[in-house]
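This report concerns only the one structure given below.
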Amino acid sequence: MKPLILVAASVTAAPASAHSPYLLPNGFVLDKGGHVTVEASFSEHVFVPAVAMQSDDFHLVGPDGAAVALKPVMLRDLAVLER
C-alpha cells in the first residue's frame, strides 16, 4: 500500500517554480576601450526579465582587483548597469 501512495504522490506533485537571478552582458569579449552593459534581473525563464535585481552595492572588479562602483538604471523588470 505504501509504494502505491508514494507513486501516486510523485505523479500528482506539482513542479516547483522559482525566480532565478541572472546577469546578461552585451558581450563577453570586449575591445580595448570598449564598454559593457549588463542586464540584472530575476526570471522564471532564461533571460526574460520579471523582477529587477536591486542592490546598494553593484560594482565592477577589474583585472587588477580594483572595484569600481556602478549606479544602476532601475526599471520595473530589470536593472541596467553600464561602464
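The values are calculated or read from the model by the stated rules, or taken from the named source; none is laboratory data. From a predicted model like this one, the values you see are computed outputs, not experimental measurements. Here Cβ is always computed from backbone atoms with ideal geometry, including for glycine, and neighbour counts include all displayed protein chains. The area values use the complete protein model at the heavy-atom level, side chains included, leaving out ligands, DNA and RNA. Shrake-Rupley method; radii C 1.70, N 1.55, O 1.52, S 1.80 Å.
Quick check: with the 1.4 Å probe, what order do ASP31, ASP57 take by accessible area, largest first? Walk me through the numbers on the way to the answer.
Values: ASP31 125, ASP57 105 Å².
My answer, sorted largest first, is ASP31, ASP57.
Under a Cβ-Cβ cut-off of 14 Å, what is the net charge of the residues other than VAL73 that fall near it, where Lys and Arg count +1 and Asp and Glu count -1? Spell out each step's value before the answer.
Values: positive: LYS71, ARG76, ARG83; negative: GLU39, ASP77, GLU82.
That sum, taken over residues with Cβ under 14 Å, equals 0.
What residues qualify as long-range amide H neighbours of LEU70, i.e. H under 5 Å apart, gap of 5 or more or another chain, H built at 1.01 Å from N?
PHE58, HIS59, LEU60
In sequence order, what are the phi-derived ³J(HN,Hα) couplings for the range 21-27 according to the Karplus relation 6.51 cos²θ - 1.76 cosθ + 1.60 with θ = phi - 60°, rounded to whole Hz, with x for glycine and proline?
Per residue, the Karplus-derived 3J(HN,Hα) values read x, 8, 10, 10, x, 6, x Hz.
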